[in-house]
1. Restricting attention to region 56-75, does a residue exist that is among the basic types (Lys, Arg) and in contact (Cβ under 8 Å) with a residue 40 or more places away in the chain?
2. Determine if region 95-109 includes at least one residue that is of a type in the set (Lys, Arg) and not in a helix (DSSP H, G or I).
3. Just to be sure I understand the filter: pairs with C-beta atoms under 6 Å, separated by 6 or more residues or on different chains, first member in region 169-185 and touching a residue at least 12 places away in the same chain (Cβ under 8 Å), second member aliphatic (A, V, I, L, M) and part of a strand (DSSP E or B). Which pairs pass?
4. For a quick check of your reading of the model, give me the residue pairs whose first member lies in region 11-39 and is farther than 15 Å from LEU84 by Cα, whose second is assigned to a strand (DSSP E or B), with beta-carbon atoms closer than 9 Å and at least 6 apart or on different chains.
Amino acid sequence: MTSNSVSTEQVLQQLNWRYATKKFDPTKKIPEEVWQTLTESLVLTPSSFGLQPWKFFIISNPELRQQLVEHSWGQKQVVDASHLVVLTIKKEMNEAEVDRYVQYTAQVRHVEAESLAGFGKVIKGFLANPNLNISEWASRQVYIALGQFMATAAFLNIDTCPMEGFVPAKYDEILGLSELGYHSVLVCPAGYRAEDDKYASQPKVRYPQEEVIQYI
């Protein structure tokens, strides 16, 4: 183990520490340097083919956030948390998007785009599969980003609350996402738990490992 490695005990400690925060302290804000690490964790999220069919919107406008409460099943986390992330997918994943990705890959890796033509063809073939629901596929990629964001937050002692309990169409309308070419999939407030959030001290309810892990 190198000197800067995280111990196995620390990993489990932080994963046990995190919970879906029901009540945030609205007076506490995430420091900018910590927030930049969290946003970079979103950028570094792996995705199928590396295609990154997403965009992550950070909602800072308090008036917009207040409007979202009604369409978030009344959950106040969207206004009380330090930051609010709306995880979205691109409404159009087509050949042009693949070409853009291939060109960018060539630029980053300092190779000729022509050398990646086969790779691009494979991706286009995948997206053209008539049995593929592209929106569903892209949404699953966003869940990977959510997991990475939440795990990173836990290691930084930042609280999060993954939310599917909202009305995507209303979020898209209020935030103007449709016009930008995106569709909301998940919401994740981030910040610091309120001292009186009773859920913070409740034990996790998880089936024992022998019930959910099986070696074959």
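1. Within region 56-75, not a single residue is among the basic types (Lys, Arg) and in contact (Cβ under 8 Å) with a residue 40 or more places away in the chain.
2. Checking region 95-109: not a single residue is of a type in the set (Lys, Arg) and not in a helix (DSSP H, G or I).
3. Here the result reads HIS183/ILE89; SER184/VAL86; VAL185/LEU87; VAL185/ILE89, each pair linking region 169-185 to a residue that is aliphatic (A, V, I, L, M) and part of a strand (DSSP E or B).
4. ARG18/ASP159; ARG18/THR160; TYR19/ASP159; TYR19/ARG193
One line per residue, one yes/no per condition, for (1) among the hydrophobic types (A, V, I, L, M, F, W, C); (2) closer than 21 Å to GLN66 by Cα:
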{"position": "PHE126", "(1), (2)": "yes, no"}
{"position": "LEU132", "(1), (2)": "yes, no"}
{"position": "GLU136", "(1), (2)": "no, no"}
{"position": "PHE149", "(1), (2)": "yes, no"}
{"position": "THR152", "(1), (2)": "no, no"}
{"position": "LEU156", "(1), (2)": "yes, no"}
{"position": "VAL167", "(1), (2)": "yes, yes"}
{"position": "TYR171", "(1), (2)": "no, yes"}
{"position": "TYR192", "(1), (2)": "no, yes"}
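Quick note: the coordinates plus some simple rules give every number you see, no bench work behind them. Model, not experiment: these values are computed from the prediction. Neighbour counts run over all protein chains shown; Cβ positions are idealised from the backbone, glycine included.
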